[in-house]
Amino acid sequence: MTQYAHGGGCACKIPPGELEQAVAGLVGANFGERELLVGLDDGDDAAAVRLEGDAAIIATTDFFTPVVDDPYDWGRIAAANALSDVYAMGGRPLLAVNLVGWPRETLPLELLTEVLRGGADIAREAACPLAGGHSIDDPEPKYGLAVTGLGSADQLLRLDAGRPGTPLSLTKPLGVGVLNTRHKATGQRFAQAIATMTTLNADAAEQALLAGCRCATDVTGFGLLGHLYKMARASGVTACLDPKAVPYLDDARKAALDGYVSGGTRRNLDWVAPHTRWGSRVDEVEMLLLADAQTSGGLLVAGEIPGAPVIGELIEATDTPLVVG
């Protein structure tokens, strides 16, 4: 499957700097009568509007080209990744629909059935009805979901709510980007990467809310550094990251050392580097791993939650939004 796409997973995102430029004129827009709680201003994971009282409707969509060769696994990964945006806002998914692009003259429809079956199984695990959707004939295979969720308007997890003195927690290890790049190049399957990409962030979101956290995001295509930079910028703080505390999947460092680094990861690093002060012991491989474009990554939470390592803290704003090492 991966050979039919120019990129894979969240590594095929439009680079963050280019994307921000494209939507700059839309920031702050609110075209309806309902209160827009979260929009384009800071690049949060989803949009949210107040429905009635404290109820907030959360809306998001996410789709991408194959990140693994097995169609069933790809469907599961893409669905978990799309649902993650609702969890990253502190919500629960209510309804999802499929989004499909398929090269119908190149790939048999039996493979598409497996992709959809994988998505349906993850939606079932999330107790989220998945029905209908939209499909197009596309030169590259693409799959994902549009998801509607429900949350508390006054307890949303958002990028601009970080406060100095707050620890930073990460709920999944990094490294799926370099492992997926190696998989595409060699065909080698990494079960540990598939396992983490198909794990829902539902429990992590629930733990964050129970701990009283109000600032979080999920770590996907912009890498840990990219998403942390967006959090620090939106919250008006500086984020200090301890690279030694960051967990990685087995074989991730070796894949990076062997050169299996996506173009998306390198663009992530180029974007955050001007806003980062590096410690003397942080080498290029470490930088690339911290900027590694993740697919269906964990939650980055401003606060401590059970079972998640603390990888840094937010401090009062300095002249540099990110301090690493």
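Quick notes
- Directionally averaged projected area (convex hull, Cα atoms, region 47-130), nm²: 5.8
- The largest-to-smallest principal axis extents of the Cα set in the chain are 56, 53, 39 Å.
- Rounded to 0.05, the FRET efficiency of the residue 117 and residue 266 pair, given R0 = 25 Å and the Cβ-Cβ distance, is 0.15.
- As a rough footprinting exposure proxy, the listed residues 94, 299 were ranked by other beta carbons within 10 Å of their own, and the order from fewest upward is 94, 299.
- Shown in residue order for region 159-175 are the 3J(HN,Hα) couplings computed by the Karplus curve 6.51 cos²θ - 1.76 cosθ + 1.60 at θ = phi - 60°: 6, 8, 9, x, 10, x, x, 9, x, 10, 10, 10, 8, 9, x, 8, x Hz (x for Gly and Pro).
- Note on the chain: helix-only mean residue ellipticity at 222 nm, from DSSP H runs of 4+ residues weighted -39500 (n - 2.57) and normalised by residue number, equals -10000 deg cm²/dmol.
- Whole-Å semi-axes of region 81-150's equivalent ellipsoid (Cα gyration tensor): 25, 12, 9
- Fewest neighbouring Cβ atoms within 10 Å first, the residues 284, 206 line up as 284, 206.
- 136, 122 arranged by Cβ crowding within 10 Å, fewest neighbours leading: 136, 122
- Applied to region 260-270, the Karplus parametrisation 6.51 cos²θ - 1.76 cosθ + 1.60 on θ = phi - 60° returns per-residue 3J(HN,Hα) values of 8, 10, 6, x, x, 5, 5, 5, 4, 5, 4 Hz, with x for Gly and Pro.
- Approximate spin-label separation residue 18-residue 319, in nm, with each point projected 7 Å along Cα-to-Cβ: 3.2
- For q = 0.09, 0.11, 0.16, 0.17 Å⁻¹, Debye-computed log10 I/I(0) when each Cα of region 159-324 counts as one equal scatterer: -0.27, -0.40, -0.86, -0.96
- Along the axis of the charge dipole computed for the chain (Cβ charges of +1 for Lys and Arg, -1 for Asp and Glu, origin at the Cα centre), the listed residues 325, 177, 139 are led at the positive end by 325.
Every read-out reported here was derived from the displayed coordinates using simple, explicitly stated rules and does not represent laboratory data. Just so it is clear, the model here is predicted, and its values are computed rather than measured. Neighbour counts run over all protein chains shown; Cβ positions are idealised from the backbone, glycine included.
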